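Since every read-out is calculated from the coordinates, none of them should be taken as a lab result. Values in this document were obtained by computation on a predicted structure and should not be read as measured data. With ideal geometry, Cβ positions are generated from the backbone for all residues, glycine too; neighbour counts draw on all protein chains shown.
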Amino acid sequence: MWQEFQSVGQKVVSSGLVESNFGNMSVLSGSGETFVITKTGVALDEIDKNGIIEVPLYPEKYKAEAGNMAVKKSATEKSATEKSVAEKSAMEKSPAEKLASSETPIHRMIYQKTNAKAILHAHCPYSVVMSILETEIGNSSLIPIDSEGKLFLGEIPIVTGGIGSVELAKNAADAFCSGVNSHSNLNSNLSGIIICGHGTIAIGNTLKEAYRITTQLEYASKIKYLYASAKNLF
């Protein structure tokens, strides 16, 4: 699996969509209980087998199971102190969570609310700029003016929220679900959004598909920016 991460990561950087460290990506596991995501601080064009990590899709289930095991052990040993420590430990992040990308909550909630199988988040410059400009004039979406953008993307939602925050996770997941059936065929769903000032999020059945959608999002943003700039010259 890491080879797919490596291939897409290198394409994202070599194509000029982002600089090396600006982005993250993930793939849902076959069981649907976990997903594999890039580790925090890993450069997209330098991903190897040690650059990704598996995390639970429903961490509360993991914590509950860990807590039950710890409490059972504690009760058996008749130690109130050990019980308290065990319960506290169960509420903390797993080792995997601490190593995973800071954007893990966003990936997790999108998987929980949609039928996405892969997610690519990239800090694409034109998308970042256009999301800020559109927001400043009161728009909550970017409407492509190029033919490909109109055909393949349609209206692109712009969402807000702090990096790695629950607010951003909710806003991003809700945007993908808005106006569509999140459990229908993925091809009929919204496939890309832009985080204001922070870049694109694209979903797909594979990372390669998410990469293709990312290029479309950035191209639509670039054309709109260049058109607006050139319009002032003529």
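Suppose R0 equals 25 Å; then what is the FRET efficiency for Asn205 and Glu19 from their Cβ-Cβ distance, rounded to the nearest 0.05? The formula returns an efficiency of 0.40 here. Maximal additional length on extending the Gln3-Asp174 stretch stands at 58.5 nm, based on 0.36 nm per residue less the C-alpha distance.
So, counting K/R as plus one and D/E as minus one, what does the shell of residues with Cβ under 10 Å around Cys196 add up to? Display every interim value, and only then the final one.
Numbers: positive: none; negative: Glu134, Glu136.
Charge balance in the 10 Å sphere: -2.
Checking the cross-link pairs Lys113/Lys222; Lys11/Lys222; Lys150/Lys222; Lys11/Lys117 against a 22 Å limit on the alpha carbon distance flags Lys113/Lys222 as lying beyond it.
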